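Right, one structure below, let's go through it.
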Amino acid sequence: MTILHHLDQNTLLRHASGDLDEAFSAIVSAHLAMCEACRRDLRIAEDVGGHLLEDGDTVPLADDALARIMRCIDEREGAGEPIRAAQAPRAETQDVPAPLQRYIGSSLADVPWKTVAPGVRRHKIALTTPTRSAFYMLKIEPGKAVPEHGHGGAEITLILSGAYRDELGRFGPGDVADLDEHVEHQPKVDPGEPCICIVATEAPTRFKGLFSRLLQPLVGI
């Protein structure tokens, strides 16, 4: 598996500090189980953050705290300082990453899909803690294009099977689209097999076309 699209550094720092809600944390944990590069970056952020806490007094975080941490990471990597990589998780025989199995089981074949539009099926996932975020899966048929849209807030999508392409590139298994409200795109699924992904989002999708906006309450994404 070759992963080309990774988590934003700010997302990794929020995950390390426990600042993500359940839906976002579940997807981040699943991507980390699949991505050695992001596991390494998370470990670096945790190590640097720990050193900063050990070396300084307890004070409120400054506005430039994130920038300072990232400069420290760059300096350590540039100096060739050894990084203790997190141990890769044990390989799973199932096609669902271990952090997601409590939500959707161990096999994508067992997901109870509901058709919400031609070529698009959805599965809503129940969460155990109160949150305003939505957590769901999508299964989109080969060659199907999702209408052009933006986002009302943060959204993270993890590809579990198949692939799609949009203005940001090709997203295949293990890739994560870590987006904010400034991104607009129109994903189109590659030929050959459906694209199955899992999504956490802070706010409903903002479709651009009038027809798509009218259908949105029925589609529910």
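Counted residue by residue at 0.36 nm each, then reduced by the alpha carbon distance between them, the extension gain from ALA145 to ASP95 reaches 15.5 nm. Taking packing as the residue-averaged number of other Cβ atoms within 10 angstrom, the listed peptides 192-202, 6-16, 159-169 run from highest to lowest as 192-202, 6-16, 159-169. Available extension along the chain between ASN10 and ARG170 is 55.4 nm, counting 0.36 nm per residue and deducting the alpha carbon span. Taking 0.36 nm per residue of sequence separation and removing the Cα-Cα distance, the SER107/HIS182 pair yields an extension gain of 23.6 nm.
So what does LYS114 come to for accessible area, using a 1.4 Å probe and Å² rounded to 10? Solvent-accessible area, nearest 10 Å²: 130 Å².
The values are calculated or read from the model by the stated rules, or taken from the named source; none is laboratory data. Just so it is clear, the model here is predicted, and its values are computed rather than measured. A quick note on method: Cβ atoms are made from the backbone with ideal geometry, for glycine too, and the neighbour counts reach across all protein chains shown. Surface areas here come from the heavy atoms of the whole protein model, side chains and all, with no ligands, DNA or RNA. Shrake-Rupley method; radii C 1.70, N 1.55, O 1.52, S 1.80 Å.
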